[in-house]
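All remarks here apply to the structure that follows.
Every number in this text was worked out from the coordinates using simple rules, so none of it is lab data. The shown structure was predicted, so the numbers you read here are calculated from the model rather than taken from an experiment. Methodologically, a virtual Cβ is constructed for each residue, glycine included, from the backbone with ideal geometry; neighbour enumeration extends over all protein chains shown.
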Amino acid sequence: MNEDRSLAGAIALVTGAASGIGLATAQALARSGAIVWLVDRDEERLAAAVASCEGGAQPVAWHLDVTSETGWSALFAAIDERHGRLDILVNNAGLAHFQPLAQTSLADWRTSLAVNGDSVFLGTRTMLPLLARHPARAERSTSAIINVSSVRAMIGGANFASYCAAKGAVRMFTKAVALECAALGERIRVNSVHPGFIDTPLARAALDPEALARRVSAIPLQRGGTAEEVAAAILFLASEASSYMTGAELVVDGGTLAG
């Protein structure tokens with residue numbers, strides 16, 4: 001089977017790229033020929049993640065606290081100096097607190113909203129000028145922003161109040177920015193991906209074994225998804241195959257929302 005090189009030469013940025021969905025996405029983009037900037041706060045895992053990306057030009061590791069406005073500004077300057085543009089932004093970094101509301105401190109609440117929500121706002125607002133520049137390849141008509149939300153933006157979950165609130169904000173932020181870019185005539189498409197239960201270290205850390213078993217048994221396909229399956233959806237939204245999609249929600253949940 002021939003390797004898909006549909007994104008050859010594209011400049012892509014993925015947050016939370018050291019593990020899970022972010023890592024799988026960075027690897028998929030690299031295999032498609034993109035030059036990938038892997039962004040994460042875990043420097044040790046980030047180095048290993050970069051080493052695992054094959055197929056594109058040399059990937060770039062960038063250490064960043066995604067809730068830092070000045071950190072995002074520094075990243076903008078680095079990409080601007082090296083490439084002068086950005087074609088794909090994947091706002092993936094996230095954090096899940098599994099705890100009853102009564103045990104959720106204000107600090108926990110604010111951390112969840114900052115990592116899951118503020119990061120998407122900061123990344124999108126900061127990178128818009130780079131994304132608005134003319135795509136490098138004639139056959140690429142638009143730039144793409146993909147925000148990783150969750151099915152928890154659509155259905156609630158006991159003991160997930162802060163996570164549901166943050167992911168719901170990402171869902172509606174995506175639609176608002178998509179309409180704003182379209183109204184301004186910017187060739188930037190903005191879509192969201194909504195994974196259900198995906199078997200990643202983040203998901204396993206958020207659930208005890210009994211809760212994990214209950215979660216999987218409630219999925220119509222009777223299994224958790226893989227990071228690679230979500231990455232495939234993100235790759236589709238990053239590509240010209242989705243050129244008529246903006247403000248859309250792509251659900252990857254094993255049938256969870258169908259029930």
- When the chain is treated as a Gaussian network with springs between alpha carbons less than 10 Å apart, the largest mean-square fluctuation among Asn116, Asn159, Asn191 is found at Asn159
- Residue-normalised 222 nm signal for the chain, counting each DSSP H run of n ≥ 4 as -39,500 (n - 2.57), nearest 500 deg cm²/dmol, is -13000 deg cm²/dmol
- Determine the shape class of the stretch 14-82: with a ≥ b ≥ c the square roots of the Cα gyration tensor eigenvalues, call it rounded for a/c under 1.5, and otherwise prolate if a/b is greater than b/c, oblate otherwise. oblate
- Loop-located trypsin sites (Lys or Arg not before Pro) in the stretch 1-73 whose Cβ has at most 14 other Cβ within 10 Å (DSSP): Arg5
- Message: Taking the beta-carbon count within 10 Å as an exposure proxy, list Ile219, Ile155 from fewest neighbours to most.
- Response: Ile155, Ile219
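Within the stretch 94-160, which chymotrypsin sites (Phe, Trp or Tyr not before Pro) sit in a loop by DSSP and count at most 12 neighbouring Cβ atoms inside 10 Å?
Listed in order of number, the matching sites amount to none.
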- Item | Proximal charge balance of Leu212 [Cβ under 15 Å; K/R count +1, D/E count -1] | +1
- In percent, how large is the relative contact order of the chain, given Cα pairs closer than 8 Å and 6 or more residues apart? 19 percent
- Item | the stretch 74-147 shape via C-alpha gyration tensor axes, a/c threshold 1.5 | prolate
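Just to be sure I follow the definition: excluding the sites themselves, where is the longest run in the chain that has none of the GluC sites (Glu not before Pro) in a DSSP loop with at most 14 other Cβ atoms within 10 Å?
In short, 140-259.
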- Would you kindly calculate the mean projected area, averaged across all directions, of the convex hull enclosing the Cα atoms of the chain, in square nanometres? 13.8 nm²
- Query: Among Gly117, Gly247, Gly22, which one moves the most in a GNM of the chain with springs linking Cα atoms closer than 10 Å?
  - Reply: Gly247
- Message: Can you tell me which of Ala176, Ala158, Ala49 moves the most in a GNM of the chain? Springs connect C-alpha atoms under 10 Å apart.
- Response: Ala158
- Query: Are there any helices in the chain, counted as whole DSSP H runs, that stretch 24 Å or more along their axis by Cα and score at least 0.5 on average by Kyte-Doolittle, and if so which?
  - Reply: 161-183
- the stretch 56-73 and the stretch 184-259: distance between their alpha carbon centers, rounded to Å: 23 Å
